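Structure first, commentary second.
The values are calculated or read from the model by the stated rules, or taken from the named source; none is laboratory data. Since we're looking at a predicted model, the values are computed, not measured. In this analysis, Cβ positions are derived from the backbone assuming ideal geometry, glycine residues included, and neighbour counts consider all displayed protein chains.
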Amino acid sequence: MEAKFCMQCGHALIEKKVDGEMRQACSSCSYVHWGNYSVGVGALVMKDGKLLLVRRAQEPGKGYWTNPGGYIEQHEQIDDTVRREVQEESGVDARVTGIVAVRDQPRAVHNVYIAFAMEYISGDPTPDNVEVDAAGFFSLADMETMNVADFTRWLVDVAVKAKDDGLEAEPEKPSALAKYGLYRV
């Protein structure tokens, strides 16, 4: 969907060169529509050498096994998002330990997906019976015969072959950055 009106004052947007690119910009105020973006998150939760997977009950991906995940809310820290999504979809509580992969998917709504390594804390995998209809911890051997989505297979490969924990959450944020989600090598 293309933006047609200013999000600040409601006037019509026009094509205008901003920072060397043609963009939708307000004909009245300084608002610039920078584009449509979404940020997705996914969890790679390990327990006893097995990975948490859920089976999608809705499109897209209905019937495929995937790692739990979803989209961030406007005012939600990204590590809170992935923890919430794991809890909602599987009933499992887990803690973020690092970022292991990023997918960049330019399209009408440019999608960035961040995959988190997570430490299992508690809970038995239980599907929400809305977004997912099955959940469990599975070994690589189990996954061989399962209908695992291609992207999830890639994420599993990344997680299994990782030489370290990837980007780790910043343990001591400077006070000026206390509200930010910060990760470092």
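Taking region 63-89 as the region of interest, how many residues are of a type in the set (A, V, I, L, M, F, W, C), modelled with pLDDT of 95 or more and part of a helix (DSSP H, G or I)? First the steps, then the outcome.
Restricting attention to region 63-89, the residues satisfying the condition of being of a type in the set (A, V, I, L, M, F, W, C) are 65, 72, 78, 82, 86.
So of that shortlist, the ones also modelled with pLDDT of 95 or more come out as 65, 82, 86.
With the extra rule that they be part of a helix (DSSP H, G or I), the set shrinks to 82, 86.
Result for region 63-89: 2.
Which is out of contact with any strand residue (DSSP E or B) (no Cβ under 6 Å at 6 or more places or on another chain), at negative phi, assigned by TED's automatic domain parsing to the domain that holds ARG153 and among the polar types (S, T, N, Q), of GLN77, GLN105? Show your work before the answer.
Values: GLN105 fails: out of contact with any strand residue (DSSP E or B) (no Cβ under 6 Å at 6 or more places or on another chain).
Just a single option satisfies the conditions, and that option is GLN77.
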Of the residues that make up region 110-132, is at least one in contact with a helix residue (DSSP H, G or I) (Cβ under 9 Å, 6 or more places away or on another chain), more than 24 Å from ALA57 (Cβ to Cβ) and not hydrophobic (A, V, I, L, M, F, W, C)?
no
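Looking at GLN77, is it touching a residue at least 60 places away in the same chain (Cβ under 8 Å), surrounded by fewer than 17 Cβ atoms within 10 Å (Cβ to Cβ) and within 23 Å of ARG107 (Cα to Cα)?
Values: touching a residue at least 60 places away in the same chain (Cβ under 8 Å): yes; surrounded by fewer than 17 Cβ atoms within 10 Å (Cβ to Cβ): yes; within 23 Å of ARG107 (Cα to Cα): no.
Here the answer is no, as GLN77 does not meet what is asked.
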Failed item, numbered, when LEU51 is tested on (1) assigned by TED's automatic domain parsing to the domain that holds ARG103; (2) closer than 23 Å to ASP104 by Cα; (3) part of a strand (DSSP E or B); (4) aliphatic (A, V, I, L, M)
(2)
Could you check VAL92 against (1) over 15 Å from the mean Cα position of the chain (by Cα); (2) surrounded by fewer than 20 Cβ atoms within 10 Å (Cβ to Cβ); (3) of a type outside the set (Phe, Trp, Tyr) and say which number it fails?
(2)
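Being in the same structural domain as ALA117 (by TED's automatic domain parsing) and modelled with pLDDT of 90 or more: is that true of ILE99 here?
Working: in the same structural domain as ALA117 (by TED's automatic domain parsing): yes; modelled with pLDDT of 90 or more: yes.
It is true that ILE99 is in the same structural domain as ALA117 (by TED's automatic domain parsing) and modelled with pLDDT of 90 or more.
Quick grid of which residues meet (1) under 30 Å from PRO125 (Cα atoms); (2) assigned by TED's automatic domain parsing to the domain that holds VAL100; (3) charged (D, E, K, R); (4) touching a Cys at 6+ places or on another chain (Cβ under 9 Å):
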{"position": "PHE5", "(1), (2), (3), (4)": "no, no, no, yes"}
{"position": "LEU13", "(1), (2), (3), (4)": "no, no, no, yes"}
{"position": "ARG23", "(1), (2), (3), (4)": "no, no, yes, no"}
{"position": "SER28", "(1), (2), (3), (4)": "no, no, no, yes"}
{"position": "GLY42", "(1), (2), (3), (4)": "yes, yes, no, no"}
{"position": "VAL45", "(1), (2), (3), (4)": "yes, yes, no, no"}
{"position": "GLN58", "(1), (2), (3), (4)": "yes, yes, no, no"}
{"position": "GLY63", "(1), (2), (3), (4)": "yes, yes, no, no"}
{"position": "PRO68", "(1), (2), (3), (4)": "yes, yes, no, no"}
Subset of region 102-130, residues in a loop (DSSP other than H, G, I, E, B) and either modelled with pLDDT of 90 or more or not small (Gly, Ala, Ser) (or both), comes to PRO106, ARG107, VAL109, GLY123, ASP124, PRO125, THR126, PRO127, ASP128, ASN129, VAL130
